[in-house]
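Worksheet for the structure shown next.
No lab work stands behind these numbers, since they all come straight from the coordinates. Quick caveat: nothing in here was measured; it's all calculated off a predicted structure. Neighbour counts are summed over all protein chains in view; Cβ atoms, including those assigned to glycine, are modelled from backbone coordinates with ideal geometry.
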Amino acid sequence: GNDWVLMKTARAPSNIAVIKYWGKRDENLILPINSSISVTLDYLFATTTVAVSPSFTSDRLWLNGKEVSMESKRYKNCLQQIRSRATDVVDEKTGLVVKKESWKDLYVHVASKNNFPTAAGLASSAAGFACLVYALAHLMGAKESYEGEFSTIARLGSGSACRSLYGGFVKWNMGKEDDGSDSIATQIVKKDHWKDLVIIIAVVSSRQKETSSTAGMQTSVKTSPLLQHRAQSVVPKRMVEMEEAIMKRDFATFAKLTCADSNQFHATCLDTSPPIFYMNDTSRRLIGLVEKWNASEGTPQAAYTFDAGPNAVLFAPDDKVARSLLQRILYLFPPASDADISRYVVGDQSIME
Ligand code: PMV
């Protein structure tokens with residue numbers, strides 16, 4: 001009959017790039033002009049429920065409780081790629097069987113929410129599309145035919161999403177094929193490789209960014225000479241150095257490269273016409289704090305990085321240094337009252353709001 005619904009729920013983490021992706025060589029397949037490296041942020045995540053039923057009459061999507069159009073080609077591409085890999089699915093609980101050939105006639109409903117600010121440069125689309133692809137694959141019984149294949153599908157939703165399918169430290173190889181089959185994400189090392197590393201997220205503003213990464217990248221590719229130089233002559237070398245620093249847990253090199261790459265990314269934004277400003281005064285004061293502290297100690301104590309928004313992701317080599325960093329931040333931005341600042345320390349990551 002028409003009265004059944006099959007549902008699956010998945011969760012996927014956000015990630016922060018320490019070597020930034022900025023610029024596409026193919027807009028439709030989302031192929032980047034340089035490779036990138038990220039750290040997975042386990043405590044910032046998207047939770048997505050996907051449902052299928054013969055009573056559904058169209059594909060529909062709700063983001064954080066509000067219905068949005070599923071007409072964008074990013075959703076369509078992801079959905080189509082997973083649908084084409086669907087297999088016979090047997091629901092263990094009810095014994096319901098959905099045959100391989102019937103998936104093409106079934107519509108899906110998708111509901112996704114984030115536990116962190118959307119579109120404020122905290123890679124909400126990365127967590128969202130990684131989660132969508134993962135949940136749909138689970139629902140439709142789709143399997144990877146080679147390792148990293150699902151990352152090429154998440155990439156069609158949002159470039160950075162391909163890196164959210166793995167934990168720990170992740171590399172997105174730009175690839176060289178025109179069809180994007182080798183533009184995949186792979187794990188460099190698991191999270192427990194560098195247990196002492198502390199990540200602090202300073203939410204400077206939860207306002208939506210003014211320039212989307214899609215629009216920003218387009219104008220940067222067209223107008224910034226610095227971006228061309230960066231992609232061709234700077235990033236390839238940094239990729240090798242960063243991977244080595246991660247493998248060796250060499251915090252000084254990791255910090256130096258992370259800060260330098262964030263700053264060069266924001267420099268390419270400024271080098272774009274019209275210029276794009278993602279950081280604000282608070283972001284710059286946080287940079288000043290870290291830079292002055294590092295200079296006074298003679299060796300990096302902390303590192304910072306900013307994506308397409310004003311929020312900072314800060315790194316410290318261990319708990320002791322992280323505490324000292326938090327103290328310095330609170331000294332620079334004294335809370336008016338305890339109620340003003342909510343600080344969650346969850347596992348090895350903290351979120352400041
Ligand atoms: O994947 P997008 O379109 O959200 O672009 C991400 C761009 C940056 O976050 C600024 C850098 C990165 O590598 O994640």
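With neighbour counts taken as other beta-carbon atoms within 10 Å, the residues M279, M174 rank, fewest first, as M174, M279.
In plain terms, the chain from E92 to V5 could stretch by 30.0 nm, reckoned as 0.36 nm per residue minus the Cα-Cα distance. Between K73 and A267, with labels modelled 7 Å along Cα→Cβ, what's the label distance in nm to one decimal, could you check? Output for this residue pair reads 3.4 nm.
Note on R284 and K190: the extension gain reaches 30.7 nm, defined as 0.36 nm multiplied by sequence separation minus the Cα-Cα distance.
The relative contact order of region 6-193, computed from alpha carbon pairs under 8 Å that lie at least 6 residues apart in sequence, is 28 percent.
Each of V98, T305, P13 was placed along the dipole of the chain (beta-carbon charges, centred on the mean Cα), and the one lying farthest toward the positive end is T305. Between N64 and E177, the FRET efficiency estimated from the beta carbon spacing at R0 = 35 angstrom works out to 0.45. When you restrict to C-alpha pairs under 8 Å that are six or more residues apart and normalise by the size of the chain, the relative contact order lands at 19 percent.
Evaluated with a Cβ-only charge set (Lys, Arg +1; Asp, Glu -1), region 198-352 carries a dipole of roughly 200 debye about its Cα centre, given to the nearest 20. Along the axis of the charge dipole computed for the chain (Cβ charges of +1 for Lys and Arg, -1 for Asp and Glu, origin at the Cα centre), the listed residues A202, V133, I184 are led at the positive end by A202. In this model, which of K73/K190; K256/K320; K76/K100; K113/K191 are farther than 27 Å apart at the alpha-carbon? K73/K190, as the Cα separations exceed 27 Å there. Assign one of three labels to region 210-315, namely rounded, prolate or oblate, based on the Cα gyration tensor with a ≥ b ≥ c the square roots of its eigenvalues; rounded applies when a/c is under 1.5, prolate when it is not and a/b is larger than b/c, and oblate otherwise. Oblate is the answer for region 210-315, as a/c is 1.5 or above yet b/c matches or exceeds a/b.
Label 7 Å along Cα→Cβ of S102; region 1-25 residues with amide nitrogen under 12 Å? The answer is 1-6. With unit charges on the beta carbons (Lys and Arg positive, Asp and Glu negative) and the dipole taken about the Cα centre of region 79-223, which residue among L79, Q218, N115 sits farthest to the positive side? It is N115. Distance between the 7 Å Cα→Cβ label points at K248 and Q228: 3.4 nm.
Of the trypsin sites (Lys or Arg not before Pro) found in region 38-122, the ones in coil according to DSSP and having at most 13 other Cβ atoms within 10 Å of their Cβ are K93, K99.
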